C-alpha cells in the first residue's frame, strides 16, 4: 500500500527574498558552519579513529563531547525559553518537533549507524573532512547523496 | 597559540558544539541539523520525485551552513593542521594493527582514506556503500547525529532518543562484526 509522503519536520514556510540582501543573510549561517567545522576537526570527532574507539568503549572522549554538547544545548534552550527570546519576526525560538513516527527512527537509525560505524564520519564531519582535502570524504558524500535519493525513491514502501 | 593546532578536550569541544543549537535559533530560528542538506541538494539538482518537491530555496540557509563547515574543515585541517597523529587508547591501536590498520597514519587511517585506497575498487565501494547507508538512514530516521543526538535530545524529543539508540546499535554492529570482515577484503 502506498503511503503519503512523510515529511520529517515542518519545512520553512517563509521564502527568502533573493538578491544582494538575501545573499548577505547567508553570511551568519556560513560563519556558524565554519565554527562548527573547526570544532569538528580540532575535537577529532571527525576522525575515523575516534569513532572506532568510541564503539569499542575504549575512550571517554566522544561520550564526553556528545554528553556535554547535549547538556549545553539543553541549558541554552531552557534559558532562551525562560528569557522569552523571540526571532526578528516575533516568533518564539523553538526546536521544531519531529514527525510522530516510531519505526522510522529505530530502523533508519540502525541503517545510519551501520554507515557511521564503517566510514567513521557522520554528515557534519563528512563536510569538514571534505574541506580538509580528503578525497575519501567526496566518495562518502557521493554515497550519502545517492542514499538520500534512493530513500526518496522507496519511501512509500518503508515502515515509518 | 599552540591551542589552535592541538586537539581540544571534550569539555571544551562538547559545549562549543552544543552552542551551535542556540546560535542557529538566534540567527534565524533554525533547527540545527546537517543531513537535511543532502535532501536539499537532491531537490536543487531538480529531482522529480515527490520527496524532493518542495521549496528548497526556503531551506537554503542549511546549504550555506554546510558550506561553512567545509570552510571550517579547511581552516582547521589545512591552514592549522595538527602535525601529530590522533592519540589512541593503546588497546584500540593494538586491535587496529591486528586487523592491518595503522594506528599512527594521521587524522584518518591510510588503509581506508589514502588516494591508493580510495582509487582501488574495493576501497571506493567501501566508502560509497558506507555513505549510502548514512544518507539513506539519515533520511529514513529524519536526521543524523546533529539533528537527533544533539538537538533532539537537548529538546527532550522522544523520536530523537529512538534514533540515537538506533545509531549506536548500528554502529556497534558495524564496528564489531562488519568492519573486521570488510578490512580483510581491503587488505
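Before moving on, here are some points about what is shown:
- Residues considered: B:109, B:85, B:90. Of these, the only one that is in contact (Cβ under 8 Å) with a residue 12 or more places away in the chain, more than 7 Å from chain A (Cβ to nearest Cβ) and out of contact with any strand residue (DSSP E or B) (no Cβ under 6 Å at 6 or more places or on another chain) is B:85.
- For the stretch B:112-127, a residue qualifies if it is free of Cβ contacts under 8 Å to residues at least 24 places away in the same chain and assigned to a helix (DSSP H, G or I), and the qualifying residues are B:113, B:115, B:116, B:118, B:119, B:121, B:124, B:125, B:127.
- Residues of the stretch B:1-48 that turn out to be more than 7 Å from every other protein chain (Cβ to nearest Cβ), part of a loop (DSSP other than H, G, I, E, B), touching a helix residue (DSSP H, G or I) at 6+ places or on another chain (Cβ under 7 Å) and farther than 30 Å from residue B:106 by Cα, as a count: 1
- Scanning the stretch B:49-82 for residues that are at the interface with another protein chain (Cβ under 7 Å from one of its Cβ atoms) and not in a helix (DSSP H, G or I) turns up B:49, B:54, B:55, B:60.
- Residue in the stretch A:132-160 that is farthest from the other protein chains (Cβ to nearest Cβ), counting only those that are free of Cβ contacts under 8 Å to residues at least 60 places away in the same chain and not in a helix (DSSP H, G or I): A:159
- Within the stretch A:94-107, being touching a residue at least 12 places away in the same chain (Cβ under 8 Å) and in a helix (DSSP H, G or I) holds for A:103, A:104, A:107.
- Within the stretch A:48-70, being more than 7 Å from chain B (Cβ to nearest Cβ) and outside any loop (DSSP other than H, G, I, E, B) holds for A:51, A:54, A:62, A:63.
- Qualifying position, being outside any helix (DSSP H, G or I), crowded, with 22+ Cβ neighbours inside 10 Å and at the interface with another protein chain (Cβ under 7 Å from one of its Cβ atoms), among B:143, B:152, B:137, B:130: B:143
- Taking the criterion of being farther than 18 Å from residue A:132 by Cα and more than 19 Å from the chain's Cα centre (by Cα), the residues of the stretch B:112-126 that qualify are B:119, B:120, B:121, B:122.
- Among residues of the stretch A:112-130, those that are closer than 12 Å to residue A:44 by Cα and either in contact with a strand residue (DSSP E or B) (Cβ under 9 Å, 6 or more places away or on another chain) or not in a helix (DSSP H, G or I) (or both), counted: 2
FYI, it's all coordinate maths here, none of it is from the lab. Owing to the predicted nature of the structure, the values given are computational and were not obtained by experimental measurement. Quick reminder, even Gly has a Cβ in these numbers, built from the backbone with ideal geometry, and neighbours come from all protein chains shown.
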